[in-house]
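Chemist: To start, I am sharing the structure in question, which I have written as structure tokens.
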Amino acid sequence: MNDFTMNKGADGVAVITWDVRDKSMNVMTRASMLVLDGLIDDALADDAVKGVVITSGKDTFAGGMDLNVLASIREEAGDDPARALFEFTMGGHHMLRKIERAGMDDKNKGGKPIAAALPGTALGIGLELPLACHRIFAADNPKAKIGLPEIMVGIFPGAGGTTRLVRKMGAMAASPLLLEGRLNDPKKAKMAGVVDEVVAPDELLDAAKAWVLSEPAIVKPWDEKGYKMPGGAPYHPAGFMTFVGASAMVNGKTKGVYPAAKALLSAVYEGALVPFDTALKIEARWFTHVLMNPSSSAMIRSLFINKEALEKGAVRPDLEDQTVRKVGVIGAGMMGAGIALVSALAGIEVVLIDNTQEAADKGKAYTTAYMDKGISRKKATPEKKEQVLALINATTGYAALAGCDLIVEAVFEDPGVKAEVTAKVQAVTGPDCIFATNTSTLPISQLAKAAGDPEKFIGIHFFSPVDKMMLVEVIKGQKTGDLAVAKALDYVRQIRKTPIVVNDARFFYANRCIIPYINEGIRMVKEGVAPALVENAAKLVGMPLGPLQLVDETSIDLGVKIAKATKVAMGDAYPDGAVDEVLFWMAEEGRLGRKAKAGFYAYDEKGKRSGLWEGLAGKYTVAETQPDVTEVQHRLLFVQVLEAVRAVEEDVLMDIREGDVGAILGWGFAPWSGGPFSWLDMVGTPWAAEATNLLAEQHGERFRAPALLEEMAAKGQSFYGRFRPGAKAA
Ligand code: NAD
């Protein structure tokens, strides 16, 4: 069965329906493009066809291009991948341009109207195809998302979307859609000028057909003589201001490390100066340029292909469905309240327990506030709020936990309290209930000792704030069984987050890498490196927050607590005495971070950061000679990356895909790199081993290349070459 089929009606309208059989959402492949091309030829050549409607057989239109296609073209192209990618892209342009011209001659005479009818979500090429049509009808479906999100995975719209949107709306109006990948519901998309009409869902096809039969004008403005770009072309005063502003904004936001945004802007600027068909060629050249950049292929691999694979259960044990129906959340504090919220939003019944009714109610109030905010932003309705709240039973009575198939415990970080709670819960729940702890620092295998059956005990580690952070770390204790893993993964799927599964070890995976990053920043302050250099070097290498800002956010006292506990656990092997001196001093000074409106940064009364705290220099003098920014960046990157490598060596990470996806979603590790392992492959293991050993000579043994990296460097191996996706790391 072809992905596109055509039905020529007696009314003269040929309806082309996109419906990829085994997928919940349509995606474009090479084969389906050829089929569509053939159908368009057929419809244009058939005198009985007066016009065409392109629609979907699903309640959505399309999710975009199958990005695996781009990867496979590059791989199949042998020694000239750029040519293959460019030709593929131009092939797409020819087909879409054929739709747009629809058989018109060069005097714009003749041609057949072609309308797009979108029942729901239309993303990427799922919107670029409609943009090539003559009119876009969208069903009034508030859940639908319409837009061009390519920039989020490190590329930009390369099937004419960039060139057409800018010509349709003007560069200024198109910029949030192109540069930020902003998605709109149909009504907003109409207001923005992306779609032309929003109609009731059951009238969608009829409205599109009626328009096609109304003998409408179909020449696109840019194919008319005297076309002027809305808002002005770049060489007009208004257009000039747009481009100056956009360049500054792009550089400010991307710090120069994301090639796609810059290439997009170049395609828009250069394309605006030339006729439409030349602009498409320019778009294709910049698109190829971006696809050839290792950063974009790494981003596509981690943020699209592997992220999706993990969400779809790439590492899930092959067991029957474990969908969660009733979850017990114990501890209604910051984390428990968020966990209750995301569970109820997923339609799961929640029992939210705390020591006092007041605390339990406070936890539930978090959901009330969240829904109220959603209502004020028109993202939720009062009915939805009632539905979600009705799913949460906030109580102190453990008896309410009867019938729960999953428990997530989020009480104080104290093994004694956790053990007591585990016993109390298990006195009520049945033998099949899986017990998960949200601990950040306590070993799962230790906590499991308080549980009746350690096979059914697991870690489900959320990140704060729960409703915003997309990663969930699932931790297997020594005795955790497959059923518990499957349950945890099905739960993560239900709440629409991305899971990674790791083995139990101190700080699991994410915190294991992020704590050394913070510590390295603090260590540099102690050494006399200017705090502004530390923070800016981090941001220039693509970290969302510098280490000092990060510790201010997570709080200095939490850092002190973790440092003390780690020291007790590690004894003489504890490596971070120098860091603690600074950290403990900050805590003594009452500079506990953003919550205290005082930390490494200074804050105004409203808690807004007002710059680095000048008082720090009084205690830790800034040295006269400062290191090179690259050296600071290498220190900050390698401390994280080496931990990731050690996590593979120690079998904490079982799949490097999880290491890369987890790093970007969990703590924002330089997303342009595709994650720590993609970064190592990009720079090459031989260079990485040499560079980090040099850092070890200068700054200490923590930078010494781990044996695995040494071995791979000696053999010239890459991580994605050696640890093929899915293969168990060894
Ligand atoms: P919190 O102090 O905000 O909340 C803990 C809640 O548990 C409080 O409401 C407390 O009243 C309740 N509680 C304590 N003992 C209880 C008992 N015996 N029975 C029922 N309720 C009890 O703490 P938090 O930040 O939400 O952290 C909770 C857990 O999540 C900890 O294990 C922590 O390590 C982990 N965690 C925290 C973060 C974070 O960023 N805060 C991130 C990941 C994991």
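Chemist: Any residue that is without any contact (Cβ under 8 Å) to a residue 60 or more places away in the chain, among the aromatic types (Phe, Trp, Tyr) and surrounded by 13 or more Cβ atoms within 10 Å (Cβ to Cβ) - is there at least one of those in region 239-262?
Modeler: Taking every residue of region 239-262 in turn, at least one turns out to be without any contact (Cβ under 8 Å) to a residue 60 or more places away in the chain, among the aromatic types (Phe, Trp, Tyr) and surrounded by 13 or more Cβ atoms within 10 Å (Cβ to Cβ).
Chemist: In region 439-462, what residues are touching a residue at least 40 places away in the same chain (Cβ under 8 Å), over 17 Å from ALA486 (Cβ atoms) and either surrounded by fewer than 22 Cβ atoms within 10 Å (Cβ to Cβ) or more than 9 Å from the ligand (Cβ to nearest atom) (or both)?
Modeler: Selection gives SER440, THR441, PRO443, SER445.
Chemist: From the list VAL428, VAL408, pick out the single residue that is in contact with a helix residue (DSSP H, G or I) (Cβ under 6 Å, 6 or more places away or on another chain) and more than 15 Å from ASP354 (Cβ to Cβ).
Modeler: Details: VAL408 fails: more than 15 Å from ASP354 (Cβ to Cβ).
It is VAL428.
Chemist: Consider only pairs whose beta carbons are under 7 Å apart and that are at least six residues apart or on different chains; among these, list those whose first residue lies in region 316-331 and is farther than 15 Å from PHE462 by Cβ and whose second residue is within 16 Å of the ligand (Cβ to nearest atom) and assigned to a loop (DSSP other than H, G, I, E, B).
Modeler: Pairs that qualify, where the first residue is farther than 15 Å from PHE462 by Cβ and the partner is within 16 Å of the ligand (Cβ to nearest atom) and assigned to a loop (DSSP other than H, G, I, E, B), are LYS326/CYS404; GLY328/CYS404.
Chemist: Turning to a different aspect of this structure: In this structure, does LYS281 turn out to be under 24 Å from the mean Cα position of the chain (by Cα) and either basic (Lys, Arg) or surrounded by fewer than 15 Cβ atoms within 10 Å (Cβ to Cβ) (or both)? Break it down into steps so the answer makes sense when it comes.
Modeler: Working: under 24 Å from the mean Cα position of the chain (by Cα): no; either basic (Lys, Arg) or surrounded by fewer than 15 Cβ atoms within 10 Å (Cβ to Cβ) (or both): yes.
For LYS281, the condition - under 24 Å from the mean Cα position of the chain (by Cα) and either basic (Lys, Arg) or surrounded by fewer than 15 Cβ atoms within 10 Å (Cβ to Cβ) (or both) - is not met.
Chemist: Moving on. With the structure loaded, tell me whether VAL425 is in a loop (DSSP other than H, G, I, E, B), at pLDDT 95 or above and among the hydrophobic types (A, V, I, L, M, F, W, C) or whether it fails that test. Give the steps one after another, and end with the answer.
Modeler: On the way: in a loop (DSSP other than H, G, I, E, B): no; at pLDDT 95 or above: yes; among the hydrophobic types (A, V, I, L, M, F, W, C): yes.
Considered against the rule, which asks whether it is in a loop (DSSP other than H, G, I, E, B), at pLDDT 95 or above and among the hydrophobic types (A, V, I, L, M, F, W, C), VAL425 comes out as no.
Chemist: Something else: Kindly indicate whether ASP361 is farther than 30 Å from VAL69 by Cα and either within 16 Å of the ligand (Cβ to nearest atom) or assigned to a loop (DSSP other than H, G, I, E, B) (or both).
Modeler: Details: farther than 30 Å from VAL69 by Cα: yes; either within 16 Å of the ligand (Cβ to nearest atom) or assigned to a loop (DSSP other than H, G, I, E, B) (or both): yes.
Taking the combined requirement at face value, the residue satisfies it.
Chemist: Any idea which of ALA332, ALA314, ALA346, ALA340 is small (Gly, Ala, Ser) and not assigned by TED's automatic domain parsing to the domain that holds ASP372? Steps first, please.
Modeler: Numbers: ALA332 fails: not assigned by TED's automatic domain parsing to the domain that holds ASP372; ALA346 fails: not assigned by TED's automatic domain parsing to the domain that holds ASP372; ALA340 fails: not assigned by TED's automatic domain parsing to the domain that holds ASP372.
Selected residue: ALA314, the only one of ALA332, ALA314, ALA346, ALA340 that is small (Gly, Ala, Ser) and not assigned by TED's automatic domain parsing to the domain that holds ASP372.
Chemist: Among the residues that make up region 133-140, is at least one of them under 27 Å from VAL250 (Cα atoms), buried (at least 20 other Cβ atoms within 10 Å of the Cβ) and touching a helix residue (DSSP H, G or I) at 6+ places or on another chain (Cβ under 7 Å)?
Modeler: no
Chemist: Residues of region 395-421 being within 10 Å of the ligand (Cβ to nearest atom) and either surrounded by 17 or more Cβ atoms within 10 Å (Cβ to Cβ) or in a loop (DSSP other than H, G, I, E, B) (or both), which ones?
Modeler: THR396, TYR398, VAL408, GLU409, ALA410, VAL411, PHE412, GLU413, ASP414, LYS418, VAL421
Chemist: Related question: Go through (1) farther than 30 Å from MET654 by Cβ; (2) assigned to a loop (DSSP other than H, G, I, E, B) and name the single condition TYR366 misses.
Modeler: Among (1) farther than 30 Å from MET654 by Cβ; (2) assigned to a loop (DSSP other than H, G, I, E, B), TYR366 violates only (2).
Chemist: I've got another one for you. Check LEU616, LEU642, LEU637 and return the single one that is touching a helix residue (DSSP H, G or I) at 6+ places or on another chain (Cβ under 9 Å), more than 20 Å from MET712 (Cα to Cα) and assigned by TED's automatic domain parsing to the domain that holds LEU708. Can you show your working first?
Modeler: Values: LEU642 fails: more than 20 Å from MET712 (Cα to Cα); LEU637 fails: more than 20 Å from MET712 (Cα to Cα).
Residue meeting the stated conditions: LEU616.
Chemist: Looking only at residues in region 696-706 that are within 32 Å of the chain's Cα centre (by Cα) and of a type in the set (A, V, I, L, M, F, W, C), which one is surrounded by the most Cβ atoms within 10 Å (Cβ to Cβ)?
Modeler: ALA705
Chemist: Something else: Modelled with pLDDT under 95 and touching a Leu at 6+ places or on another chain (Cβ under 8 Å): is that true of ALA62 in this structure? I'd like the intermediate steps shown before the answer.
Modeler: Details: modelled with pLDDT under 95: no; touching a Leu at 6+ places or on another chain (Cβ under 8 Å): yes.
Criteria not met by ALA62.
Chemist: If I go through region 664-698 residue by residue, how many of them are within 20 Å of VAL632 (Cα to Cα), in contact (Cβ under 8 Å) with a residue 40 or more places away in the chain and of a type outside the set (Phe, Trp, Tyr)?
Modeler: Residues that pass the stated criteria total 11.
Chemist: Quick one: which helices (runs of 4 or more DSSP H) sit completely within region 568-683 and have at least 1 residues that are over 20 Å from ILE515 (Cα atoms) and small (Gly, Ala, Ser)?
Modeler: Numbers: elements: 577-588, 616-619, 629-649, 656-667, 676-683.
Of the helices (runs of 4 or more DSSP H) lying wholly inside region 568-683, those with at least 1 residues that are over 20 Å from ILE515 (Cα atoms) and small (Gly, Ala, Ser) span 616-619, 676-683.
Chemist: In addition: Test THR17 against the criterion of being part of a strand (DSSP E or B), over 24 Å from GLY147 (Cα atoms) and touching a residue at least 12 places away in the same chain (Cβ under 8 Å), and give yes or no.
Modeler: No; evaluated as a whole, the condition is false for this residue.
The values are calculated or read from the model by the stated rules, or taken from the named source; none is laboratory data. Nothing here was measured: the structure is a model prediction, and the numbers come from that model. Virtual Cβ from ideal backbone geometry, glycine too; neighbours counted across all protein chains shown.
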